Structure formats: C-alpha cells, structure tokens
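The values are calculated or read from the model by the stated rules, or taken from the named source; none is laboratory data. Worth saying up front: this structure is predicted, and the values here are computed from it rather than measured. Here Cβ is always computed from backbone atoms with ideal geometry, including for glycine, and neighbour counts include all displayed protein chains. Note: areas computed on protein heavy atoms with side chains; ligands, DNA, RNA excluded. Shrake-Rupley method; radii C 1.70, N 1.55, O 1.52, S 1.80 Å.
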Amino acid sequence: MGFLEDIKSKTLIADGAMGTLLYSYGIDRCFEELNISKPEEVRRVHEAYVQAGADIIQTNTYGANFIKLSRYGLEDETKQINEKAVRLARSAAGSAYVLGTLGGIRTFNKNSYSLEDIKRSFREQLYLLLNEQLDGLLLETYYDLEEAREVLKIARKETELPIILNVSMHEEGVLQDGTPLADGLKQLASLGADVVGINCRLGPYHMIRALEEVPLLEDAYLSVYPNSSLPSLVEGRLVYETDDEYFRESAEEFRNQGARIIGGCCGTTPNHIRAMAEAVKGLPPVTEKHVKIRKKAALAVQNERTEPVLDDLAKQKRSIIVELDPPKQLNFEKFLHAAKELQSAGIDALTLADNSLATPRISNVACGALLKQRLDMRSLIHITCRDRNLIGLQSHLMGLDTLGLSDVLAITGDPSKIGDFPGATSVYDLTSFDLISLIKQFNEGLSYSGKPLGKKTNFSVAAAFNPNVRHIDKAVKRLEKKIACGADYFISQPVYSEEQLIKIHEETKHLETPIYIGVMPLTSSRNAEFIHNEIPGIKLSDSIREKMALAGNDKQKQAEEGLAIARSLLDAACDLFNGIYLITPFLRSDLTAELTAYIHQKEKEKTNV
Ligand SMILES: Cc1cc2nc3c(=O)[nH]c(=O)nc-3n(C[C@H](O)[C@H](O)[C@H](O)COP(=O)(O)OP(=O)(O)OC[C@H]3O[C@@H](n4cnc5c(N)ncnc54)[C@H](O)[C@@H]3O)c2cc1C
Ligand SMILES: [Zn+2]
C-alpha cells in the first residue's frame with residue numbers, strides 16, 4: 001500500500017530539513033556530495049527523523065542535478081550521488097516511505113537558467129532516481145510556477161509513482177509571478193501531481209494563513225513543509241530559531257486546513273517533527289473546510305500628468321531632449337547653471353545618466369528632484385540594472401513616483417569593470433527588457449510579484465537604441481522586443497554620419513514608437529579620434545576626422561568645427577526624426593544650448609516659408 005492509500009484516511013508526517021541540519025553540525029559544502037563522502041552523517045539524519053515519527057522521508061538529493069552540482073565541479077558525480085542517496089535513505093527508512101527529491105532551480109530570476117537547460121538537468125536526475133527503489137517523488141522549492149509546470153509534465157510522463165509538488169511562496173498566499181497560491185496549486189493538480197503544497201521560505205504563521213485561502217482539491221491532496229522561522233545572521237552564519245511547542249500547535253492548524261502530509265523545511269529538526277507527530281500523526285484528515293476569500297485591493301488611482309509625455313511630443317512635433325551628466329564631484333551649482341542655460345535655450349527635458357561609464361556621480365534622482373524644485377524643469381531619469389538588485393530597483397521606482405519624476409530610461413548599464421571601481425559588483429538581477437516590463441507593471445499598480453502598490457504609477461518608459469552595430473537588423477529586433485515589453489519610445493546612441501542616419505530611418509520606419517536620435521558635438525580632434533577608435537561600433541567619416549584635425553589646437557576653432565559638423569548632422573536628422581537627443585560633452589552646455597537654438601531657428605524658418 002503506497003502513501004497515497006494511507007492519506008485517504010490519515011494524516012502523515014514527513015521529515016524535516018536535511019541541509020540546514022547538516023549545516024548546523026558545521027558542514028558547509030555541497031550537502032548532496034556527503035552521500036558519497038560521509039554517508040554515515042546522512043544516514044544519521046534520516047534515522048533521527050524516522051525515530052522522531054516521520055512516516056515519509058526524502059533522499060538527500062535536493063540539489064543533486066547537473067546545474068547545481070556543476071557549481072561545485074561535481075556534475076560528473078550526478079549518477080553516483082543520486083544512486084547512493086536513495087540507497088542510504090532506504091537503509092534508514094524501516095517502514096517509512098522514501099521519496100526521491102528534486103529541487104527547483106530558479107529563484108526570482110527567470111533569466112538565470114533557460115527552461116531548456118533546467119529541463120535537461122531535471123530529466124537526467126529524474127532518470128537516475130527512477131532507476132532506484134522509490135515510493136514517490138518530491139518536487140520541492142519551486143518559486144517559478146512555469147518551471148514547476150514544465151518539470152511536472154516531464155515527471156508525470158515518465159512515472160506512475162506518486163508525485164508531490166511543493167511550491168515556495170513569494171509572500172503569503174502569492175507566488176512569484178503574482179498567481180494566487182490556490183490557483184497555482186490547482187494548475188499543478190490538473191497537470192497530474194498527486195499531492196500539491198508549499199515548502200520553505202516561510203514559517204508556520206504565513207503558511208497557515210496562506211492555506212486558509214486554499215480549498216480542498218478534488219484531484220490532489222495538500223501538503224505543507226514550513227521553515228522553522230525566518231533565519232538570522234549570527235557571526236556570519238544563518239541560524240534558525242526553534243521552538244517545538246510552536247510546531248505542535250501549528251501541526252493541528254495545518255491539519256485543520258486540510259494538509260495530509262506535514263513535514264518541515266529549512267531550520268526544522270527531529271524535535272519539530274516529533275512534536276508534530278505527537279500532535280496529529282494518524283488523525284483522520286478533515287474533509288470539509290471554510291475557505292477565506294482574500295480581499296481585493298481597492299482600485300488604484302493614476303497620477304495626473306500635467307505635461308505631455310515625451311513619446312507623444314516626438315510623435316507630434318519637433319522635440320529636443322538633452323543629456324547633462326550629473327557631477328562626479330560635490331559641485332551641484334555648476335551643474336545647475338548648465339541646466340539653466342539649456343532650459344533657457346528651450347529644451348523639452350534634461351536627461352540624467354545613472355552613473356554612466358560605471359562611475360559614481362551625484363545621484364540623478366537628487367539632481368532631478370532639485371531641478372524640478374528650483375527650476376521647475378523636467379528631467380528624464382536613466383535607471384540601470386547594474387547598481388540595484390530587485391529590491392533596490394523597486395524601492396527606487398517607488399521613490400521616483402513619490403518625487404513626481406515619471407520620465408525614465410530603462411537600461412542595462414555599462415559594466416562595472418569599465419568604470420572607476422572595476423571590482424564592484426554589477427548586479428543585473430534584471431535585464432533591460434525585464435526592467436521595462438517591471439515599470440509597466442508598476443503602472444498597473446503591481447509590484448514585481450503582483451502585490452498591489454496601492455496606486456498606479458504613471459511612468460513613461462524610454463529604452464536604449466544602439467544603432468552603431470554591425471548588423472542593424474539585430475538591433476531593430478531588440479527594439480521590437482523592447483516595444484513588446486512596453487517601451488514607449490527610444491533614445492539612440494550618437495550617430496556620426498548622414499548615411500547612417502538614413503540607414504537607421506530606413507530600418508526603423510515601420511515602428512510606430514518614436515526615436516530620439518542622438519547627436520553629440522565633437523570638442524576636439526582628440527575627442528573625435530577617441531570616439532572613432534575606442535567607442536565600440538562608432539565610426540566617424542574620414543571627412544569629419546579631417547575637419548576636426550584641421551582645427552588644430554585652437555579650442556575655439558575646435559568647438560566651432562564640432563558645432564558645424566553637428567549642425568550638418570542635425571540638418572539630416574531633423575528631416576528624418578522629430579525627436580532629437582543632444583548629448584552634452586564635458587558639461588559644455590554652451591554647445592548643446594547653441595545646437596538647441598539652431599534647431600529652433602530651423603523650425604521657425606520652416607514655418608515662415
Ligand atoms: C541613450 C542611452 C543612455 C544610456 N545611459 C546610460 C547610463 O545612464 N548609465 C550607464 O551605465 N549606461 C548607460 N547607457 C549604456 C547602456 O546601459 C549600455 O550601452 C547597454 O548595453 C545598451 O543599452 P541597453 O541597456 O538597453 O542594452 P540592451 O539592448 O538590453 O543590451 C544588453 C546587452 O546585449 C548586447 N546587445 C545589444 N544589442 C545587441 C545586438 N544588436 N546584438 C548582439 N548583442 C547586443 C549589449 O552589448 C548588452 O550587453 C546608455 C545607453 C544609451 C543608448
Ligand atoms: Zn527549505
């Protein structure tokens with residue numbers, strides 16, 4: 001009789017943590033490798049759980065897959081580690097059932113591993129486990145519902161053994177992609193899991209509250225494997241607080257919520273399992289329950305925008321945005337002066353880079369907020385994925401909304417290694433595509449996880465366009481993908497030839513999303529040579545380089561020549577694009593102010609004609 005037969009009439013107790021228990025013994029390496037090097041330690045843990053009253057134990061194979069073992073250079077041991085794990089568990093189990101465990105790979109970041117890689121790695125471990133003598137499979141700690149669905153489909157196709165699938169909640173009652181827990185579990189049951197439930201990350205309190213919203217399912221039983229508590233960091237080590245009595249009471253609650261298999265995850269010990277076994281083991285399961293309905297958040301209200309968004313501006317008329325780098329030193333007044341000059345010249349917005357070239361500058365948010373306060377000036381805030389993790393990015397967006405800075409540019413960010421602190425971490429939790437989608441989700445009033453923000457933000461989102469690549473069609477494909485993610489308009493890197501401007505126009509004219517095309521005045525022959533030779537993808541025409549060289553060392557002449565070249569580029573650019581993005585070199589706002597005036601003059605002449 002398998003455990004599925006047992007749970008028709010009674011509540012079963014499963015084991016608790018393997019990894020954190022071994023860790024608490026002072027073992028701090030690949031836990032699954034211990035199946036080979038220290039089998040007696042692993043067996044000791046299994047035996048302790050069986051003695052504590054576990055009806056079901058799991059193999060020490062949570063991370064025994066290609067992807068996770070290769071982090072330790074142990075991928076060639078995958079077969080031996082899995083085989084050994086099942087045999088060890090079996091030798092310790094007595095009459096307890098043995099489940100082969102396969103752990104989820106993705107945490108919050110879908111980009112960390114492709115589904116194809118995950119499926120390949122899962123399949124290999126699955127075949128190895130199925131070759132051994134098991135009573136069922138335990139697929140656990142799935143944060144990503146998509147991953148859970150895909151691996152479950154594989155497992156269901158390959159075996160008739162009972163399958164338990166436990167997801168890990170992002171927060172109480174909600175999965176990472178915002179799916180309510182009850183809906184996620186229903187999906188997994190319909191894909192053939194025999195038992196569905198939750199494990200890890202949260203302790204009993206949140207798990208009980210989450211289960212209150214989950215009905216008893218017709219086609220699957222429920223399971224729950226809570227963590228013992230939230231961990232704390234003590235002298236550099238993660239420590240879980242433990243209280244067996246609390247688990248005794250919690251077990252009764254789990255049973256009342258319909259759980260038929262109750263075990264433990266990180267931080268739990270044989271003592272927790274014993275307490276739970278004493279409380280509920282063998283009790284008949286509940287067959288009816290009252291399901292709580294989660295209150296929907298009140299409908300969020302959108303911020304009013306008092307000025308036209310930059311994408312609309314560029315669709316309708318000539319529009320000029322100008323980049324001015326926030327200062328590298330604590331000298332805001334000079335920057336303010338330059339901003340004023342550009343405001344007087346009649347630009348539509350100032351764009352503020354986010355530590356461009358991976359070099360620290362006064363925060364562009366601080367600059368943007370002060371410009372708004374002191375000059376009533378509109379800023380467009382660049383946001384890179386380099387400097388902030390998923391927590392920081394969301395907090396940043398909430399801050400921007402609170403300050404009323406709703407024009408943003410979502411970008412990857414130059415890698416740290418090219419900047420002033422080459423050893424600093426580049427975060428890249430999100431790609432530029434993800435960041436665009438995240439901001440658009442904020443506009444729906446939802447955080448990354450789908451949690452209500454209490455209000456819809458009103459961001460207008462620009463994305464970067466790098467046309468200075470060998471295959472412009474590939475760059476255009478990226479634009480299309482960015483549009484699909486929600487980009488409202490594009491801002492391009494500077495372009496240095498008329499032919500290139502025409503080519504860009506040809507390749508992008510099918511897009512309805514406006515482009516602010518980049519023009520940056522050259523300041524000297526040296527500056528021109530640097531851009532030509534050292535900035536990836538950018539090539540200046542021979543004639544431009546010659547003209548800059550002919551200006552010699554006279555600063556005035558160089559600036560004049562740089563402006564003349566920029567004017568002629570603008571003549572071509574203005575015929576093809578409404579949106580113009582001027583980049584101010586070295587805080588030389590006199591140059592970009594002059595070019596702004598030139599564009600306005602051209603517009604005037606055009607309307608007079
Ligand atoms: C207008 C603008 C403003 C910028 N502002 C800042 C700033 O404030 N701070 C800062 O640090 N950086 C800034 N950058 C630099 C930017 O972060 C990087 O240059 C970035 O890699 C390009 O833009 P993205 O982030 O949208 O890249 P994505 O389009 O997301 O590209 C990401 C990665 O894919 C690669 N890639 C891009 N296009 C192709 C292609 N056609 N084929 C193959 N691979 C490709 C890139 O090399 C990059 O590594 C800015 C760039 C632009 C154009
Ligand atoms: Zn866990």
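Can you confirm whether the range 283-304 contains a residue that is surrounded by 12 or more Cβ atoms within 10 Å (Cβ to Cβ) and either on the phi > 0 side of the Ramachandran plot or free of Cβ contacts under 8 Å to residues at least 24 places away in the same chain (or both)?
no
Specify which of the listed residues (Asn389, Asn355) is under 30 Å from Leu181 (Cα atoms) and polar (S, T, N, Q).
Asn389
Looking at Ala366, Ala358, which one is modelled with pLDDT under 95 and in contact with a Phe, Trp or Tyr (Cβ under 9 Å, 6 or more places away or on another chain)?
Answer to the check: Ala358.
Can you run down the residue pairs with Cβ atoms below 8 Å, 6 or more apart or on separate chains, where the first is in the range 187-212 and farther than 21 Å from Gln58 by Cβ and the partner is within 13 Å of ligand 2 (Cβ to nearest atom) and assigned to a loop (DSSP other than H, G, I, E, B)?
Listed by first residue and then by second, the contacts come to His206/Met169; Ala210/Met169; Ala210/Leu202.
Collect the residues in the range 9-37 that are closer than 30 Å to Leu216 by Cα and either of a type in the set (A, V, I, L, M, F, W, C) or without any contact (Cβ under 8 Å) to a residue 12 or more places away in the chain (or both), keeping them in residue-number order.
Within the range 9-37, Leu12, Ile13, Ala14, Ala17, Met18 qualify.
The conditions are (1) more than 30 Å from Lys281 (Cβ to Cβ); (2) open to solvent by 60 Å² or more (accessible area, probe 1.4 Å), and Leu115 fails exactly one of them. Which is it?
Among (1) more than 30 Å from Lys281 (Cβ to Cβ); (2) open to solvent by 60 Å² or more (accessible area, probe 1.4 Å), Leu115 violates only (2).
Please tell me if Asp387 is part of a loop (DSSP other than H, G, I, E, B), crowded, with 18+ Cβ neighbours inside 10 Å and more than 16 Å from ligand 2 (Cβ to nearest atom).
yes
Within the range 419-520, which helices (runs of 4 or more DSSP H) (wholly inside it) include 1 or more residues that are within 14 Å of ligand 1 (Cβ to nearest atom), closer than 30 Å to Lys295 by Cα and in contact (Cβ under 8 Å) with a residue 40 or more places away in the chain?
Per the criteria, 432-443, 472-485.
Being farther than 17 Å from Ile583 by Cα, open to solvent by 50 Å² or more (accessible area, probe 1.4 Å) and within 12 Å of ligand 1 (Cβ to nearest atom) is the filter here; which residues of the range 331-362 pass it?
Pro360
Can you tell me which residue is nearest to ligand 1 (Cβ to nearest atom) among those in the range 1-48 that are among the aromatic types (Phe, Trp, Tyr) and open to solvent by 30 Å² or more (accessible area, probe 1.4 Å)?
Among residues in the range 1-48 that are among the aromatic types (Phe, Trp, Tyr) and open to solvent by 30 Å² or more (accessible area, probe 1.4 Å), the one nearest to ligand 1 (Cβ to nearest atom) is Phe31.
Which of the residues belonging to the range 127-148 are within 15 Å of ligand 2 (Cβ to nearest atom) and either in a loop (DSSP other than H, G, I, E, B) or at pLDDT below 95 (or both)?
The one that is within 15 Å of ligand 2 (Cβ to nearest atom) and either in a loop (DSSP other than H, G, I, E, B) or at pLDDT below 95 (or both): Tyr143.
I'd like the full set of residues that are farther than 27 Å from Leu350 by Cβ, among the hydrophobic types (A, V, I, L, M, F, W, C) and within 28 Å of the chain's Cα centre (by Cα), limited to the range 470-513.
Listed by number, the residues that qualify are Ile472, Val476, Ala484.
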